[in-house]
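Reading through the structure tokens given below for one structure.
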Amino acid sequence: MTAASPTTSAPLTRQRSALYAGNTGAVIHRGLLATRSTNYLVVLSGFFEPVFYLLSLGIGFGALVGTVQTSTGQEVPYAAFIAPALLAVSAMNGAVYDSTWNVFFKLNYSKLYQGMLTTSLGPLDVALGEILLALLRGAMYAVGFMVVMQLFGLNLAWTALLALPAVLLIAFGFASLGMAITSYMKTFQQIEWVTFIMLPMFLFSATFYPITVYPEPIQWLIQALPLWHGVELVRGLTTGALSGMMLVHVGYYLVMIAIGIVFTTNRLRALFLK
């Protein structure tokens with residue numbers, strides 16, 4: 001076996017350095033500074049939406065509903081049924097907003113990524129930095145909502161502590177896939193499709209009532225949606241209804257993350273490093 005010659009190893013080294021410079025922190029730092037100076041009101045407003053849903057439906061309407069049966073057959077108060085679903089939705093909303101609308105503007109109007117990629121940063125640095133920024137926003141929403149759930153006594157088991165890493169996984173999945181999809185969009189009309197898709201996911205992913213209310217073919221369709229997996233994962237952890245399906249939910253999001261990072265990196269490289 002012969003060692004690789006310098007002439008063959010040098011191009012490989014240059015390819016790796018062009019792809020990833022190990023400076024994702026610079027992208028995150030720039031994003032945090034921009035959020036603090038211009039977007040903090042938008043960030044704060046996103047936290048209150050699920051809280052209002054919880055107060056109006058979970059606490060208000062829930063007094064009329066009583067208890068609801070989870071997918072594992074456990075009877076829980078209605079507020080405890082929808083609260084973990086709203087927690088998953090909160091993480092999704094924060095991650096998707098940052099990885100779609102913000103990324104779309106930076107990609108097509110401010111031309112921020114073009115400037116970044118003229119430095120030593122590689123497309124993987126930019127992709128990971130933007131995805132982690134979106135993950136951070138989703139995590140902020142989730143932690144705040146988790147505190148609200150604790151104040152209302154809606155965390156029914158000690159396993160609710162595991163809901164926080166689960167929510168980070170959900171936000172990571174939506175952020176990575178959201179940025180990958182956004183990198184192919186060219187107009188505001190196209191980006192509006194993101195909202196069009198998120199709304200039915202929010203309404204029908206067993207968020208407000210059990211999935212068993214639907215006919216079986218509709219249940220299969222809903223179970224293919226990413227939010228349903230997040231809702232079931234978080235609900236199982238906050239209510240203590242653990243099952244082997246949780247591993248399926250986790251695996252679903254790990255695949256989302258891998259697909260999103262690969263597609264985003266390749267897309268940025270194709271757009272700006274021709």
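The values are calculated or read from the model by the stated rules, or taken from the named source; none is laboratory data. Every value quoted in this text rests on a predicted model; they were computed, and no experiment measured them. Cβ: placed from backbone, ideal geometry, glycine included. Neighbour counts: every protein chain shown. Keep in mind that these areas ignore ligands, DNA and RNA; they rest on the heavy atoms of the full protein, side chains included. Shrake-Rupley method; radii C 1.70, N 1.55, O 1.52, S 1.80 Å.
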**OP:** With the Cα gyration tensor of the chain in hand, convert its eigenvalues to equivalent ellipsoid semi-axes via √(5λ) and list them largest first in whole Å.
**Re:** 38, 20, 17
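Ignoring any ligand, DNA or RNA, what whole percent of the accessible area of the stretch 49-104 comes from carbon and sulfur when the probe is 1.4 angstrom?
On the way: 1270 of 2030 Å².
After summing per-atom areas, the C and S share lands at 63 percent.
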**OP:** Tell me the label-point distance for the pair residue 214, residue 247, using the 7 Å Cα-to-Cβ offset, in nm and rounded to one decimal.
**Re:** 2.6 nm
Original post:
Using 1/(1 + (r/R0)^6) with R0 = 25 angstrom and r between the beta carbons of residue 75 and residue 223, what's the FRET efficiency to the nearest 0.05?
Top reply: 0.65
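At 27 Å minimum axial length over the Cα atoms and a Kyte-Doolittle cut of 1.6, report the qualifying DSSP H helices in the chain, or say none.
163-182
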Original post:
Taking the chain as a Gaussian network, Cα atoms linked when under 10 Å apart, which of 96, 194, 234 shows the biggest mean-square fluctuation?
Top reply: 194
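List the chymotrypsin sites (Phe, Trp or Tyr not before Pro) in the stretch 145-196 that DSSP assigns to loop (not H, G, I, E or B) and whose Cβ has at most 13 other Cβ atoms within 10 Å. Which are they? Don't skip to the end; give the middle numbers.
Values: sites: 145, 152, 158, 172, 174, 184, 188, 193, 196; in loops: 152, 184.
Of the chymotrypsin sites (Phe, Trp or Tyr not before Pro), the ones in loops of the stretch 145-196 whose Cβ has at most 13 other Cβ atoms within 10 Å are 184.
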Original post:
Sequence-distant or interchain residues sharing an amide H contact under 5 Å with residue 68, placed H: which?
Top reply: 76, 78
**OP:** Give me the accessible area per residue for the stretch 56-107, probe 1.4 Å, as a whole number in Å².
**Re:** 34 Å²
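Quick check for you: with a 1.4 Å probe and neighbouring chains kept, what is the accessible area per residue of the stretch 175-274, in Å²?
Dividing the accessible area of the stretch 175-274 by its residue count gives 50 Å².
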Subject >> FRET efficiency, 1/(1 + (r/R0)^6) with R0 35 Å, evaluated for residue 197 and residue 67 via beta carbons >> reply: 0.65
Original post:
If you count, for each residue, the other Cβ atoms within 10 Å and average over each peptide, how do 76-87, 252-263, 210-221, 56-67 line up from highest to lowest?
Top reply: 76-87, 252-263, 56-67, 210-221
**OP:** Quickly estimate the mean residue ellipticity at 222 nm for the chain, helices only: each DSSP H run with n ≥ 4 gives -39500 (n - 2.57), and the total goes over all residues, rounded to 500.
**Re:** -22500 deg cm²/dmol
